[in-house]
1. Looking at (1) open to solvent by 40 Å² or more (accessible area, probe 1.4 Å); (2) more than 19 Å from Lys74 (Cβ to Cβ), can you tell me which one Lys215 breaks?
2. Being open to solvent by 50 Å² or more (accessible area, probe 1.4 Å), among the small types (Gly, Ala, Ser) and either in contact (Cβ under 8 Å) with a residue 40 or more places away in the chain or over 30 Å from Asn41 (Cβ atoms) (or both) narrows it down to one of Ser164, Ser203, Ser121, so name that one.
3. Give just the number: which of (1) in a loop (DSSP other than H, G, I, E, B); (2) open to solvent by less than 50 Å² (accessible area, probe 1.4 Å); (3) farther than 18 Å from Glu58 by Cα does Val172 not satisfy?
4. Could you say whether any residue in segment 134-156 is open to solvent by less than 40 Å² (accessible area, probe 1.4 Å), touching a strand residue (DSSP E or B) at 6+ places or on another chain (Cβ under 8 Å) and among the hydroxyl-bearing types (Ser, Thr, Tyr)?
5. Could you grab the pairs with beta carbons closer than 8 Å, sequence gap of 6+ or different chains, first residue in segment 63-81 and over 21 Å from Pro107 (Cβ atoms) and in a strand (DSSP E or B), second one hydrophobic (A, V, I, L, M, F, W, C) and modelled with pLDDT under 95?
6. Would you confirm, using the coordinates I've provided, whether Tyr90 is of a type in the set (Phe, Trp, Tyr), at pLDDT 95 or above and closer than 22 Å to Ser67 by Cβ?
7. Please determine, by comparing only the residues of segment 70-108 that are surrounded by fewer than 24 Cβ atoms within 10 Å (Cβ to Cβ) and hydroxyl-bearing (Ser, Thr, Tyr), which one is farthest from Gln48 (Cα to Cα).
8. Scanning segment 82-103 for residues that are among the hydroxyl-bearing types (Ser, Thr, Tyr) and in a loop (DSSP other than H, G, I, E, B), which turns out farthest from Val147 (Cα to Cα)?
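The values are calculated or read from the model by the stated rules, or taken from the named source; none is laboratory data. No experiment lies behind these values; they were computed from the predicted model shown. In this analysis, Cβ positions are derived from the backbone assuming ideal geometry, glycine residues included, and neighbour counts consider all displayed protein chains. Please note that ligands, DNA and RNA were not included when accessible areas were found on the heavy atoms of the full protein model with its side chains. Shrake-Rupley method; radii C 1.70, N 1.55, O 1.52, S 1.80 Å.
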Amino acid sequence: MFNKIKYFLKRPLQLPIIVITKLIPYFDFLYQTSDYQNKINFEIWFKQKVLNWGGNKEAYWPVHWTSKVYDAQKIIIGVDAYPGVSGGCYITGGGGIQIGDYTQIAPNVTIVSANHDVYDSRKAIYAPVKIGKYCWVGAGAKIMPGVEIGDWTIVAAGAVVTKSFKEGYCIVGGIPAKKIKDLEQEKCVPFANKILYNGYIRSDKFEEFKKRNLKYE
């Protein structure tokens, strides 16, 4: 009890924030994602959605203020899969990006779905990126336009992925990325959170949200 009192004395605004957010259903994501790998907290929500630090206000999932997300309305994220929640990421959704459930994305990752025309840099060439479920994209990795990565793919830190690995269940790495190792599928453990959220949106309301707000084709 003493430690809790000491905690709130050091953070005088914390207690009223907890009281207020628990009374407002919109903030249920703060208390229903405690079993997530990427726990959502009030600080990152406030800096993103209210203060617009980093300019990522339009993203419907948590994004760190040192990351940058463009064309969020063309990005579909799965449960507990938040591109840019770690610092220093660069995500461009112009060509469309899909990320499956429970895929983890480390700091300083680049995911781009558009690039410059090699003959005319004023023109953009769009190509969608698809990343499966239960993937892990290591720190500093880069996933280029048109790439599709299957379920349970681990992208090693610093890799540059220029071609697809649709079959999944493997580790890829290097520049350009090549398959390093196949994973044993029977050892891959699927799991699910108790209450499902796609970013700040309850999953049971996500289809309606997509129809109203997203432009992914």
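1. So the condition that Lys215 fails would be (2).
2. Testing whether each residue is open to solvent by 50 Å² or more (accessible area, probe 1.4 Å), among the small types (Gly, Ala, Ser) and either in contact (Cβ under 8 Å) with a residue 40 or more places away in the chain or over 30 Å from Asn41 (Cβ atoms) (or both) leaves just Ser121.
3. Among (1) in a loop (DSSP other than H, G, I, E, B); (2) open to solvent by less than 50 Å² (accessible area, probe 1.4 Å); (3) farther than 18 Å from Glu58 by Cα, the lone unmet condition for Val172 is (1).
4. So far as segment 134-156 goes, yes, one or more of its residues are open to solvent by less than 40 Å² (accessible area, probe 1.4 Å), touching a strand residue (DSSP E or B) at 6+ places or on another chain (Cβ under 8 Å) and among the hydroxyl-bearing types (Ser, Thr, Tyr).
5. Within 8 Å, the pairs are Ile76/Leu214.
6. Spelling it out, Tyr90 is indeed of a type in the set (Phe, Trp, Tyr), at pLDDT 95 or above and closer than 22 Å to Ser67 by Cβ.
7. Residue satisfying both the conditions and the ranking: Tyr102.
8. Filtering first and then ranking leaves Ser86.
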